[in-house]
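Structure first, commentary second.
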Amino acid sequence: MAAFCEFDLDEKLWTIPKGRMKANREHVVPLCARAIRIIERCTELRVRNCDLVFPGMKLRAPMSDMTLTKLLREMKEP
């Protein structure tokens, strides 16, 4: 459930709030160049009034993990 507000593309970091982490600690993920390009493209395609990077069909709900798994299989990605 990645939200646009969690990304700092200048610093190349994704900060996941502690409330979404099992350990109840903020988690910071360094982003590679490809990940940054993907987030930038998602920003261009952003759904109005939705902070989710990968929105699902239902308003304000994230895309399901099975949808992403299906996409990776069709792309023949591990």
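The values are calculated or read from the model by the stated rules, or taken from the named source; none is laboratory data. All values reported here derive from a predicted model rather than from experimental measurement. Here Cβ is always computed from backbone atoms with ideal geometry, including for glycine, and neighbour counts include all displayed protein chains.
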Matching residues in the range 1-19 - criterion: being over 22 Å from Ser64 (Cα atoms) and either β-branched (Val, Ile, Thr) or assigned to a strand (DSSP E or B) (or both): Asp8, Leu13
Residues of the range 1-51 that turn out to be among the acidic types (Asp, Glu) and closer than 16 Å to Pro62 by Cβ, as a count: 2
Some residue of the range 59-69 being loosely packed, with under 10 Cβ neighbours inside 10 Å and of a type in the set (Gly, Ala, Ser): no
Check the range 20-35 and report whether any residue there is surrounded by 12 or more Cβ atoms within 10 Å (Cβ to Cβ), at pLDDT 90 or above, within 12 Å of the chain's Cα centre (by Cα) and in a helix (DSSP H, G or I). yes
Restrict the check to the range 57-74 and report whether at least one residue is within 14 Å of Ala2 (Cβ to Cβ) and among the charged types (D, E, K, R). yes
